[in-house]
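The values are calculated or read from the model by the stated rules, or taken from the named source; none is laboratory data. This one's a predicted model, so the numbers in the text were calculated from it and none came from an experiment. Glycine gets a Cβ as well: all are built from the backbone with ideal geometry, and neighbour counts include every protein chain shown.
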Amino acid sequence: MNNNKATLRTALALGAVSLGMMSQLALAAKKDYLVTAARPDKVVVVDAAERKVVNTFTIPNTAKGNSVAGLTVSRDGKVAYVVHNRWETVSGIDLDTGKEVFRAELSSPGIRGKAHFAIDVSPDGKELAVHVSPTKLKLGEYEVQDPYIAVYDTSAGIGAEPLRKLPAPRRTTTLAYSPDYKRLYAYSWDMVVLDPQTGKQIGVHPWRSWKREGYGEPDTLSVSPQFEQANEFATPYFIDYTDKNGKKVTKAGVWSLDLAKDKVRFSEFEGELVMPFSTVINPVRRNEAYTAYTQLTKNDIDTGKLIKRVDLDHTFYTVNVSSDGKELYVGGTINEIAVYDTETLEKKDTIIISEGDQVLSSMRMVQR
Amino acid sequence: MRAHSASVIPLRPLLLSMAISAVPFLAQADTKGAAEALLNSKCQTCHLPTDKGLNRIDESRRTPEGWDMTIVRMMVSHGVELTPEERQTLVKYLADTRGLAPEESAAHRYLLERDFTLIEQPKDQLVADTCARCHSYGRTGLQRRTEEDWRKLVHYHVGQYPVIEIQQGGRDRDWWEIASGEVPKRLDKLYGLDSEAWRKWLQHESVSAAGQWRVVGHRPGWGAYEGQATISSNGDDHYSIKLTLNYANGKQETAEGKAVLYTGYEWRATVKQGDMNVRQVFTLSPDGQTLSGRWYQAGIDAIGGRFEAVRDGKEAPARLLAVEPSYIKAGTTQQVTLYGSNLSGDVSLGEGVEVLKVVERGTGKLVVEARAAAGAKDGVRAVKVGDSQLDKGLALYQKLDYISIEPDQAMARIGGNGGAMPKIPVQFESVGYANGPDGKPGTADDIRLGYFPAKWTLDNLNAYAAQLKDAEYSGRLQEDGLFIPGDAGPNPKRKFGTNNAGELKVTAVVDDAGHKVEASKPLVVTVQRWNDPSIR
């Protein structure tokens, strides 16, 4: 019951008006599911509370050399969209039947189009946005083209063509819709705010152009989108800081953007440097951010305090959080998801999800 | 009709060739006519003729390894079908007609020789920041292209590896704008296609490597060696080579194999040397009088040695090549061996060093008993036999002031354990120095004495390494200074189940007649190198 109450609280707190299907009755029946991918061609659905893989689906017609990159799930938890096939195809896999219900080829004769991790489905599930880097394959040479955001109608089925192509900044590692569909965020050298219909830039949150006295340029990789639980994009970063005496130190911190409120917050951790790979914000205790890599950390992003850190069993890339804010799911790299308590950072369980590794595939949470 | 010789030493499978260095360029079917026919039939399909020649192909020049990497990529990524003989024919023809002059490849020969122990000093910081955060700087410096072709290379990079702008080393800048804008202009100035050196080299009269050679060299861990080589021509720049190597430590090796001379000076041979398969990457001097470079064990490039050879035989000029040992302590008497070719006449070991007697005299080798005067001044003496002189002959010293551990940059790689990659060891050596006239260590006037035997020990480099017990897991250091890294793969005994990579500290202690001198240096033990092209 606590789980459901917390979920409701979260939903209300977020002002998630657009999530119309989330009536209290519907919520009462909903559970948390983790959706991720594993080598060579699997989409895996895990019942988080039961610690159980409930479905493993095979992505059809794919090259098996690469792992899935970006993965996003419609908010109703019905379809997962995955970047696969040497990152040249996006497919929608029905999470009940395993059927491929959507497929868009990013490449076409003479053009090689690749996507990475920047992919998101609109809050109503009707549109899919994919950041594409195209290259013209000419005789004896390549010609790099400007990247774009391909926007698809998710009901277009197999052989989908973009509804529209929006101009997009290079080096976009994350795409994220605001819950009210008014903004499409493209995380590049800055967090660029676009009109999801026209692609017109309607705002920007400085990142590389972020200036603070004594601080250098921040650096982040940010290839693990896991903003769906708190509706807050968050990424760990490193930054050099030179104090008044000229002493330089490298600090790690968390930079985040509330996707509902369009508001940025950040803080650097005090004390010994931690090496995080990805971050998630607790949807219930929103001051708490967790980072994962070889260590799991719990940080207060309002105060910059590193509350706790523990060694993980091995390297992990991603971390996600339950709707009630009580459990963390640490995944990526190999074939397991480790479960930790958000209060104590004590390990509670391990879920073996597949034979193949997850590598860098996104690990998302949905409620069904 | 030498095409069958390809089967003598088979070329590596293609996919491995992408990843593993040193393709033995030994198939022999390379006549100019056959090469041009191949270029027209296999390459021109995509590389259409332009007013500058074949698109792309006539806009760049490369080393033999550089051309082979390109051709292999065409085979693997673009489906070009070539037999081993055809591949060899094209590499030879392209390296001969679109190669680098000796002075153009001189600055980065360490890459061709696969000696990865030095830290590069980039000529241009912008080029280094654009290219050398992933590649060696020298990989760029070993190519010549037009500005347009350098720009096309940038397009290729982003088209082939779109994450280039996302990954560390790329994302701190507007990578694409810089790399496709300013960088090709800079590269054209530094490494443009057209050069006086290459035009002259094309006019240079080719010389044969065939004949008798007198050989000296140094193999880290085993020490100095000397020997003989016989090279015979098989026509069309193909050769056979036989070697005998005698090491100062008493070991002896024979070697035999085949070679190709590319671009008129790039000697590439594959030989069986003792139990090892060895690659030779040498340079034939423009006058054909010296052959020098490095050899290494195929697949384990850290094991190898420097090599220098001069013409031998009655007509060859007298040459003094090496003095062993390379140092003598003031106030002591020791035997000194001199190696060379056609040596005759009086032996002089320089001021303060007296030749007490000639123990053994031959035209290729002389052994003398030498006494260094007690008060003689520190310094390197020129050594003479008759008219032949070796400027850096014999170093005289009063006191061993300090030692330095070689190689400069020590990096081993875990391997083996059933995996595809072998362990890559590091052979350490301790080099003795005297402070020189200013009495201070680490200054330009320091006197390099030579290699001193040492006692070797291993420790954790820092507190974190100690916490992870790197010294226990990452490998072992033998008495002879050879570090053998640990097994590849995750190690369940280690924290995080991590592999056996680690940060270590190597210490050498030299005992010079009761005077002990110590030095330490970091040793990084890292993971396998999965992508290891001929030029890194």
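Per-residue answers, yes or no, for (1) away from chain B (no Cβ under 14 Å); (2) without any contact (Cβ under 8 Å) to a residue 24 or more places away in the chain; (3) more than 17 Å from B:TYR161 (Cα to Cα):
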site: A:GLU141; (1), (2), (3): no, yes, no
site: A:SER155; (1), (2), (3): yes, no, yes
site: A:THR173; (1), (2), (3): no, no, no
site: A:LYS182; (1), (2), (3): yes, yes, yes
site: A:TRP189; (1), (2), (3): no, yes, yes
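Looking only at residues that are in a helix (DSSP H, G or I) and without any contact (Cβ under 8 Å) to a residue 12 or more places away in the chain in the stretch B:176-202, which one is farthest from the other protein chains (Cβ to nearest Cβ)? Steps first, please.
Narrowing the stretch B:176-202 to residues in a helix (DSSP H, G or I): B:176-180, B:182-191, B:196-202.
So of that shortlist, the ones also without any contact (Cβ under 8 Å) to a residue 12 or more places away in the chain come out as B:177, B:189, B:196, B:199, B:202.
Details: B:GLU177: 9, B:LYS189: 22, B:GLU196: 28, B:ARG199: 26, B:LEU202: 25 Å.
Restricting to residues being in a helix (DSSP H, G or I) and without any contact (Cβ under 8 Å) to a residue 12 or more places away in the chain, the top hit is B:GLU196.
Before we move on, is B:LEU118 aliphatic (A, V, I, L, M), more than 10 Å from chain A (Cβ to nearest Cβ) and not in a helix (DSSP H, G or I)?
Taking the combined requirement at face value, the residue satisfies it.
Can you tell me which of B:VAL207, B:VAL215 is more than 14 Å from every other protein chain (Cβ to nearest Cβ) and touching a Pro at 6+ places or on another chain (Cβ under 8 Å)?
Only one candidate qualifies: B:VAL207.
Which of the residues spanning the stretch A:342-368 are modelled with pLDDT of 95 or more, over 18 Å from A:LEU71 (Cβ atoms) and charged (D, E, K, R)?
Selection gives A:GLU343, A:GLU346, A:LYS347, A:LYS348, A:ASP349.
Within the stretch B:273-321, which strands (runs of 3 or more DSSP E) (wholly inside it) include 3 or more residues that are over 14 Å from B:ILE241 (Cα atoms) and touching a residue at least 40 places away in the same chain (Cβ under 8 Å)?
B:290-297, B:300-311
Is it the case, given these coordinates, that A:VAL339 is within 14 Å of chain B (Cβ to nearest Cβ), at pLDDT 95 or above and assigned to a strand (DSSP E or B)?
no
What about A:SER67, is it within 14 Å of another protein chain (Cβ to nearest Cβ), in contact with a strand residue (DSSP E or B) (Cβ under 6 Å, 6 or more places away or on another chain) and surrounded by fewer than 21 Cβ atoms within 10 Å (Cβ to Cβ)?
Yes; evaluated as a whole, the condition is true for this residue.
Please pick out the residue among A:LEU296, A:LEU259, A:LEU328, A:LEU273 that is among the hydrophobic types (A, V, I, L, M, F, W, C), within 14 Å of another protein chain (Cβ to nearest Cβ) and in contact with a Ser or Thr (Cβ under 7 Å, 6 or more places away or on another chain).
That would be A:LEU273, the only listed residue that is among the hydrophobic types (A, V, I, L, M, F, W, C), within 14 Å of another protein chain (Cβ to nearest Cβ) and in contact with a Ser or Thr (Cβ under 7 Å, 6 or more places away or on another chain).
Within the group A:ALA160, A:ALA150, which residue is crowded, with 24+ Cβ neighbours inside 10 Å and either touching a Lys or Arg at 6+ places or on another chain (Cβ under 7 Å) or within 14 Å of chain B (Cβ to nearest Cβ) (or both)?
Result: A:ALA150 is the single residue among A:ALA160, A:ALA150 that is crowded, with 24+ Cβ neighbours inside 10 Å and either touching a Lys or Arg at 6+ places or on another chain (Cβ under 7 Å) or within 14 Å of chain B (Cβ to nearest Cβ) (or both).
Being without any contact (Cβ under 8 Å) to a residue 60 or more places away in the chain and within 21 Å of A:GLN367 (Cβ to Cβ) narrows it down to one of A:VAL280, A:VAL274, so name that one.
On inspection, the qualifying residue turns out to be A:VAL280.
Please indicate, with yes or no, whether at least one residue in the stretch B:144-163 is farther than 30 Å from B:GLY235 by Cα, among the polar types (S, T, N, Q), within 14 Å of chain A (Cβ to nearest Cβ) and not in a helix (DSSP H, G or I).
Among the residues of the stretch B:144-163, at least one is farther than 30 Å from B:GLY235 by Cα, among the polar types (S, T, N, Q), within 14 Å of chain A (Cβ to nearest Cβ) and not in a helix (DSSP H, G or I), which makes the answer yes.
Just a yes or no: is a residue in the stretch A:225-248 among the small types (Gly, Ala, Ser) and not in a strand (DSSP E or B)? So that I can check it myself, show each step before the final result.
Taking the stretch A:225-248 as the starting set, the residues that turn out to be among the small types (Gly, Ala, Ser) are A:230, A:234, A:246.
If we keep only those that are not in a strand (DSSP E or B) too, we end up with A:230, A:246.
Among the residues of the stretch A:225-248, at least one is among the small types (Gly, Ala, Ser) and not in a strand (DSSP E or B), which makes the answer yes.
Does any residue in the stretch B:41-70 that is in contact (Cβ under 8 Å) with a residue 12 or more places away in the chain come within less than 6 Å, Cβ to Cβ, of a residue that is basic (Lys, Arg) and not in a strand (DSSP E or B) six or more places away or on a different chain, and which pairs are these?
Note: pairs meeting the criteria are B:ASP58/B:LYS52; B:ARG61/B:ARG98.
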